[in-house]
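Heads up, the thing below is written out as structure tokens.
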Amino acid sequence: MLSYTAHSATKYFIEDCSVRHKLKKLDSFSALGVKFDNKLTFLEHMDEKINKAYSILDVIKRNFIYVDKSTFILLYKQNG
């Protein structure tokens, strides 16, 4: 359960055959490849994507030292 309210102490339950189950509160979750946080800032999502882009760039730089600009762009787009 991800809550977007200012009241962080709010508790949520779901009832199943007369048994109440407390829902676990999450700070973030992923849906369809997008990471949502409880403040809707998407900071975790952006950090994840930026880190992935930098790791791809590092692999290209390490393995393809002498490559022209157009080939570099082609390699980057193929890995993204």
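What 222 nm value per residue comes from the helices of the chain, counting each DSSP H run with n ≥ 4 as -39,500 (n - 2.57) and dividing by all residues, nearest 500 deg cm²/dmol? List each step's numbers first, then the result.
Values: 2 runs with 32 residues, N = 80.
Rounded to the nearest 500, it is -13500 deg cm²/dmol.
I want the local charge near Asp37. Using Cβ-Cβ distances under 12 Å, sum +1 for each Lys or Arg and -1 for each Asp or Glu among the other residues. Please list the in-between numbers first.
On the way: positive: Lys35, Lys39; negative: Asp27, Glu44, Asp47, Glu48.
The answer is -2.
If packing is taken as the mean number of other Cβ atoms within 10 Å per residue, what is the order of 26-37, 61-72, highest first? Intermediate results must be reported in sequence, preceding the final value.
Values: 26-37: 11.5, 61-72: 9.5.
In descending order of packing, they fall as 26-37, 61-72.
Return the subset of Lys24/Lys52; Lys11/Lys39; Lys35/Lys61 for which the Cα-Cα distance in this structure is over 26 Å, preserving the input order. Before the final figure, lay out the partial values.
Numbers: Lys24/Lys52 29 Å; Lys11/Lys39 17 Å; Lys35/Lys61 28 Å.
Beyond 26 Å between Cα atoms: Lys24/Lys52; Lys35/Lys61.
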query = Can you run phi through the Karplus equation (6.51, -1.76, 1.60; θ = phi - 60°) for region 58-64 and list ³J(HN,Hα) in whole Hz, with x for Gly and Pro?
reply = 5, 4, 5, 4, 5, 9, 10
note = Using the Kirkwood formula on alpha carbons, the hydrodynamic radius of the chain in angstrom works out to 16.2 Å
note = For Phe42, other-chain or 5+-apart residues with amide H closer than 5 Å (H placed, Pro excluded) are Asp37
query = Per-residue HN-Hα couplings for region 41-50, Karplus 6.51 cos²θ - 1.76 cosθ + 1.60 at θ = phi - 60°, whole Hz, x for Gly and Pro?
reply = 8, 6, 4, 4, 4, 5, 4, 4, 5, 5
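Every read-out reported here was derived from the displayed coordinates using simple, explicitly stated rules and does not represent laboratory data. Bear in mind that the values here come from a model prediction, so they are computed numbers and not experimental data. Heads up, the Cβs are rebuilt from the backbone with ideal geometry, glycines too, and the neighbour counts pull from every protein chain shown.
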